[in-house]
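Have a look at the structure below, then the notes.
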Amino acid sequence: MSVFNFAAAGLLVVAGGLVSVVAQAQQAGTHRTELSKNDISIPGWQAVQLRVDIDPGKIAPNHRHPGEEIIYVVEGTIEYQLEGKPPATLKAGDVLFVPKGVIHSAKNVGQTNAAEIGTYIVPKGKPLVEWIK
């Protein structure tokens, strides 16, 4: 195998891994784009940042994360339901903190696209999202 073929094969493996992280989190009506993923100073933990777009009237159903999530709404109006709390409706410029393991959902309650930037501080090697039925 030439050096070029070996390097190309390595890039395909890395790209496939990135696609699978985002693909596992896709739900009908939601579109996730990974923006960054970096190790942090806490051994075994990383920061992951995603843009999540939600179509009008669609919902990111109940789920939880293995670490904390900080949400920044960049577009539209999103209603968040966190386990044990009343619904919170956020608009562009609003921020929400979701503690580790808290079950939550997000629904676009507007007439246009809604989008958030989700920053996750999570343990490496664990799935970013666990869907709750």
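Would you call residue 102 in contact (Cβ under 8 Å) with a residue 24 or more places away in the chain, in contact with a strand residue (DSSP E or B) (Cβ under 7 Å, 6 or more places away or on another chain) and surrounded by fewer than 17 Cβ atoms within 10 Å (Cβ to Cβ)?
yes
Taking the range 80-105 as the search range and keeping residues that are closer than 23 Å to residue 66 by Cβ and among the charged types (D, E, K, R), which one is farthest from the chain's Cα centre (by Cα)?
Within the range 80-105, the match that is farthest from the chain's Cα centre (by Cα) is 85.
Take the residues in the range 114-133 that are hydrophobic (A, V, I, L, M, F, W, C) and in a loop (DSSP other than H, G, I, E, B), then tell me which one is nearest to residue 41 (Cα to Cα). If you could, list the steps in order and put the result at the bottom.
Taking the range 114-133 first, the residues hydrophobic (A, V, I, L, M, F, W, C) are 114-115, 117, 121-122, 128-129, 131-132.
Next, from what is left, pick out any that are in a loop (DSSP other than H, G, I, E, B): 128-129, 132.
Values: 128: 19, 129: 22, 132: 30 Å.
Of everything passing the filter in the range 114-133, 128 is nearest to residue 41 (Cα to Cα).
Just checking, does the range 35-50 include any residue being within 19 Å of residue 107 (Cβ to Cβ), buried (at least 16 other Cβ atoms within 10 Å of the Cβ), modelled with pLDDT of 95 or more and in contact with a Gly (Cβ under 6 Å, 6 or more places away or on another chain)? Working first, answer last.
First pass over the range 35-50, keeping only residues within 19 Å of residue 107 (Cβ to Cβ): 50.
Within this subset, residues satisfying the condition of being buried (at least 16 other Cβ atoms within 10 Å of the Cβ) are 50.
Checking the rest, the ones that are also modelled with pLDDT of 95 or more come to 50.
Checking the rest, the ones that are also in contact with a Gly (Cβ under 6 Å, 6 or more places away or on another chain) come to 50.
Checked the range 35-50: at least one residue is within 19 Å of residue 107 (Cβ to Cβ), buried (at least 16 other Cβ atoms within 10 Å of the Cβ), modelled with pLDDT of 95 or more and in contact with a Gly (Cβ under 6 Å, 6 or more places away or on another chain).
Considering only the range 105-113, I want to know if a residue exists there that is part of a loop (DSSP other than H, G, I, E, B), out of contact with any Ser or Thr (no Cβ under 7 Å at 6 or more places or on another chain) and under 24 Å from residue 36 (Cβ atoms).
Yes - at least one qualifying residue is present in the range 105-113.
Being part of a strand (DSSP E or B) and more than 19 Å from residue 131 (Cα to Cα) is the filter here; which residues of the range 31-64 pass it? Walk me through it before giving the result.
Quick first cut of the range 31-64, residues part of a strand (DSSP E or B) only: 31-39, 45-54, 59-64.
Those that are part of a strand (DSSP E or B) and more than 19 Å from residue 131 (Cα to Cα): 35, 36, 37, 38, 39, 45, 46, 47.
Taking only pairs six or more apart or across chains, which ones have beta-carbon atoms under 7 Å, a first residue in the range 70-89 that is at positive phi, and a second residue that is surrounded by fewer than 16 Cβ atoms within 10 Å (Cβ to Cβ) and among the β-branched types (Val, Ile, Thr)?
Between residues of the range 70-89 that are at positive phi and residues that are surrounded by fewer than 16 Cβ atoms within 10 Å (Cβ to Cβ) and among the β-branched types (Val, Ile, Thr), the close pairs are 76/112.
In the range 106-116, how many residues are surrounded by fewer than 17 Cβ atoms within 10 Å (Cβ to Cβ) and under 12 Å from the mean Cα position of the chain (by Cα)?
Of the residues in that region, 0 qualify.
The values are calculated or read from the model by the stated rules, or taken from the named source; none is laboratory data. These numbers were taken from a predicted model, which means no experiment stands behind them. Ideal geometry is used to build each Cβ from the backbone, glycine not excepted, and the neighbour counts take in all protein chains shown.
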